[in-house]
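Data block below; observations after.
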Amino acid sequence: MDPSDFQHFGRLNDPDSCAAIKGVCGDEMEFYLVFRNDRIHDIRFYTDGCEYTGICGETAAKLAAGRHIDDAMGVSAAMIRKEIPGLPEDHIHCSILAAMTLMKALADYLYRKSIT
Ligand code: FES
């Protein structure tokens with residue numbers, strides 16, 4: 001995987017929320033979110049996984065970027081998969097990992113907001 005292929009690859013030092021999940025294959029994904037008025041102002045993902053994991057992370061980030069949290073919660077593995085027509089059957093789990101990690105980062109934001 002070449003990280004320079006991805007516009008949203010990397011980590012953020014001071015995000016409003018973040019999440020990390022290890023997928024069924026052992027690969028890990030991380031998401032970092034910055035919000036302005038409940039809208040995703042900045043988004044980054046990081047993974048040590050394969051090319052398809054990177055493509056799925058980038059696609060999830062593109063689908064969520066700029067969206068209000070209510071809309072970002074609608075980004076699913078099915079939506080990610082639809083954006084990647086050539087995603088092989090044996091890598092569909094990569095889209096699930098990306099969607100799950102994004103969702104966990106959104107939940108982290110909502111939780112932090114509820115306790116401040
Ligand atoms: Fe592990 Fe893609 S091969 S998440």
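Sequence-distant contacts, meaning Cα pairs under 8 Å at least 6 residues apart, place the relative contact order of the chain at 29 percent.
Distance from the Cα centroid of segment 81-116 to that of segment 1-67 is 9 Å (rounded to whole angstrom). Taking the helices alone, the chain has a mean residue ellipticity at 222 nm of -13000 deg cm²/dmol, built from -39,500 (n - 2.57) per DSSP H run of at least 4 residues and averaged over all its residues. By accessible area, using a 1.4 Å probe on protein heavy atoms only, the chain has 49% of its surface on carbon and sulfur. Shown is the FRET efficiency for D71 and E28, computed with R0 = 30 Å from the Cβ-Cβ distance and rounded to the nearest 0.05: 0.70. Of R36, R44, the order by accessible heavy-atom surface (1.4 Å probe, DNA, RNA and ligands excluded), from most exposed downward, is R36, R44. Rolling a 1.4 angstrom probe over the protein heavy atoms with all chains in place gives segment 1-44 an accessible area of 59 Å² per residue. Ranking L110, L63, L87 by Cα position along the charge dipole of segment 13-113, where only Lys, Arg, Asp and Glu carry charges on their C-beta atoms, puts L110 farthest toward the positive end. Normalised by the number of residues in segment 1-41, the mean separation of alpha-carbon contacts (under 8 Å, six or more apart) gives a relative contact order of 31 percent. Taking only the alpha carbons of the chain, we obtain Rg and Dmax values of 13.1, 43 Å in that order. With both labels modelled 7 Å from their Cα along Cα-to-Cβ, the R36 to M79 distance reads 2.1 nm.
The values are calculated or read from the model by the stated rules, or taken from the named source; none is laboratory data. The structure displayed is predicted, hence computed values, not measured ones. Positions of Cβ are backbone-derived with ideal geometry, glycine not excepted, and every protein chain shown enters the neighbour counts. Just the protein is used for accessible areas: all its heavy atoms, side chains included, with ligands, DNA and RNA removed. Shrake-Rupley method; radii C 1.70, N 1.55, O 1.52, S 1.80 Å.
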